[in-house]
Each structure stands twice: as C-alpha cells, then as structure tokens.
Amino acid sequence: MLLVFGGTTEGKRCAAALAEAGLPFIYSTKLPVVMPELPGMRLRHGALTVEALTALCRAEKIQAIVNASHPFAEVLHATVAAAATALSLPVWRFERVYPKREQAGEWVRYVPDFPAAIAQLLALGRAPLLAFTGVQTIPKLRSWWEANLTYFQILDRPDSFALARSFGVPPEQLLAHAPATAPEALAATIRHLGVRVLITKESGESGFQSVKLAAAALAQTPLLVVERPATPTLFSPVHDETSLLDRVREGAR
C-alpha cells in the first residue's frame, strides 16, 4: 500500500497514474477534496502529527510515501520526513516545474522568506501591493498591509474569504482568484487597480508562476517571489508519472 499526500495538480496526476497501473494507495489531504473515483484509491483527510502518521503507516502497512503536496507545506514535509525516518520508509517527492530564476527578467526579485519580502517592500516604498501568496500568508504580511493599501487574490471559496476577513482585511481589498492563463489579462488587472508592486510564492507552473512573471514585465511592475523552502534530503525527487511508477516498481522488487 502506498500513501500519497496530494491536494494539488501533482497529487491528482500521481493518483491517476497509480490507479491506471493497478497500484492500491491512500490519497491524503488536509481538507476534504472532490476526486473522481479511481480503482485502488481510498481517500482520507485531516492534518497529521508525526505520531498519527506513524500509526497510520503501521496500521495500513504503508510501503512507501509519495509526497505531491504544495511546495510551501513545510509542516507536512517535516512530519513526513520524521515519520518516514522512524519507519525506514522511502519518500518520493513529485516535483513541480519551476521557471529558471536566472531568466526571470529585470522586474523580478527573488527573496528567501516573508521577512525579507517585507524588507524589500519597505526599500521599494511602493503601494498598492497585489499579493498572490494565498490567504494563509496574510498574517505574514500584516506589518505591511496594515500601513499600506494591499489587495489579496485568494481562492474563490467562502471559507477563504471568511478567514481573510477574520484577519482584518477589508472586504474591498479581497479579489477572487481565477486561474490567470493570459499575462495580458493579469497586467490589465494590475493597471486597473493602480498596483505598483506584486508578490507571489515560487509555486511553479502549477501556480501560474510564468504568467505572473510575464504580467509583471508587461505592466512594468516589480514582482517579489518568495523562494520555495528546501525539502528534506530524505525525499527522492521524481518529475513525471513514468519516473514515479519506475521507482514504485523498483521498491516492490
């Protein structure tokens, strides 16, 4: 039995590949998700401590873990690493495709974390800010948005808007997220709002990172990109479904 941590585009790709290969697996997410019925798949949701994950792996006789969760799911990454180490389980990290940092362009600045991003914002001294970093990061930017006009683009879900409002963000500064596949459309939004600086996470092509890079260039607006955290060295990267299945089959021998 395999355990897949998903809730992402990559997670769905892994689930489809494993189901097609006839491999049984548990698909785990923090929150309930809607998934097509796949042969050999069982769904579970809810956050896990190291102890709970270790117990789950033992109870379900998990032979390997596929970590296809979001690159910024740092708590989950640490939890998986600790449980896998305790049980001597292999972990395959299904990686996203990321734009090359050295080709980002003159309007883009990479920063290591949110404190560094705030320092850059203060140095730039530009507002309004449009943040694509997600509702959970609103508190990380509080010192900026409490003093400077900031728009947050968040998932178009009632719970996301309720959480943002609970942080104290005025409703008129919340924008419903729609996948921006055209840089021109996003650049038009930037101009319409009078935005003078942008911030996003290094979320890869699944997070439309290239679209945001291109839109920043079109709108000639500085874009700060918070670098993705390093994943534990225990994780073995795979970059496509074929490589994943090859690793799973090698481990089953």
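The values are calculated or read from the model by the stated rules, or taken from the named source; none is laboratory data. Here the structure is a predicted model, which is why all the values come from computation and not from measurement. FYI the Cβ positions are ideal-geometry reconstructions off the backbone, even for glycines, and counts take in every protein chain you see. Surface accessibility is based on the protein's heavy atoms, side chains included, excluding ligands, DNA and RNA. Shrake-Rupley method; radii C 1.70, N 1.55, O 1.52, S 1.80 Å.
How large is ³J(HN,Hα), in whole Hz, for each residue of the range 188-202 in order, when computed from phi with the Karplus curve 6.51 cos²θ - 1.76 cosθ + 1.60 and θ = phi - 60°, using x for Gly and Pro? Using θ = phi - 60°, the values come out as 5, 5, 4, 5, 4, 7, x, 5, 10, 7, 10, 9, 9, 9, 6 Hz.
Label-to-label distance, Ser236 versus Val97, with points set 7 angstrom from Cα along the beta-carbon direction: 2.4 nm.
Within the range 1-140, what whole-number % of the accessible surface is contributed by carbon and sulfur, with the 1.4 Å probe and all protein chains included in the calculation? Carbon and sulfur together cover 56 percent of it.
Under the convention that each Lys and Arg Cβ holds +1 and each Asp and Glu Cβ holds -1, the size of the dipole of the range 157-234 around its Cα centre is about 120 debye.
Amide H contacts of Ser236: Val91, Trp92, Arg93, each under 5 Å away and 5 or more positions distant or on a separate chain (H built 1.01 Å from N in the peptide plane; Pro and chain starts excluded).
Across the range 9-22, computed HN-Hα scalar couplings (Karplus, 6.51 cos²θ - 1.76 cosθ + 1.60, θ = phi - 60°) run 4, 5, x, 5, 5, 4, 4, 5, 5, 5, 5, 5, 7, x Hz from first to last residue, x flagging Gly and Pro. Computed from point charges on the beta carbon alone (+1 for Lys and Arg, -1 for Asp and Glu), the dipole magnitude for the chain about its Cα centre is near 240 Debye. Comparing mean-square fluctuations of Val34, Val238, Val108 from a GNM of the chain with C-alpha springs under 10 Å, the top value falls on Val34.
Using a 1.4 Å probe on the protein chains only, how many percent of the accessible area of the range 192-253 belongs to carbon and sulfur?
48
Of all lysines in the structure, the ones whose alpha carbon falls short of 29 Å from that of Lys212, not counting any fewer than 8 places away in one chain, are Lys12, Lys30, Lys100, Lys140, Lys201.
Length gain on complete extension for the stretch Ala21 to Arg157, per 0.36 nm per residue less the alpha carbon to alpha carbon distance? If you can, show how the numbers build up before the last one.
Details: separation 136, 0.36 × 136 = 48.96 nm, distance 3.39 nm.
Once the chain is fully extended between Ala21 and Arg157, it gains 45.6 nm.
The residues neighbouring Trp107, those whose beta-carbon lies less than 13 Å from its own, together hold a net charge of +3 under the Lys/Arg +1, Asp/Glu -1 convention. Couplings for the range 126-137, taken from phi via the Karplus curve 6.51 cos²θ - 1.76 cosθ + 1.60 with θ = phi - 60°, read 10, 8, x, 10, 10, 9, 9, 7, x, 5, 5, 8 Hz in order; Gly and Pro are left as x. Centre-to-centre separation between the Cα atoms of the range 17-45 and those of the range 87-152: 31 Å. Ranking Leu244, Thr150, Ser160 by Cα position along the charge dipole of the range 133-252, where only Lys, Arg, Asp and Glu carry charges on their C-beta atoms, puts Thr150 farthest toward the positive end. In this simple spin-label approximation, Glu106 and Ala123 carry label points 7 Å from Cα along the Cα→Cβ vector, and these lie 1.8 nm apart. Per residue, the accessible area of the range 1-155 comes to 48 Å² when a 1.4 Å probe rolls over the protein heavy atoms.
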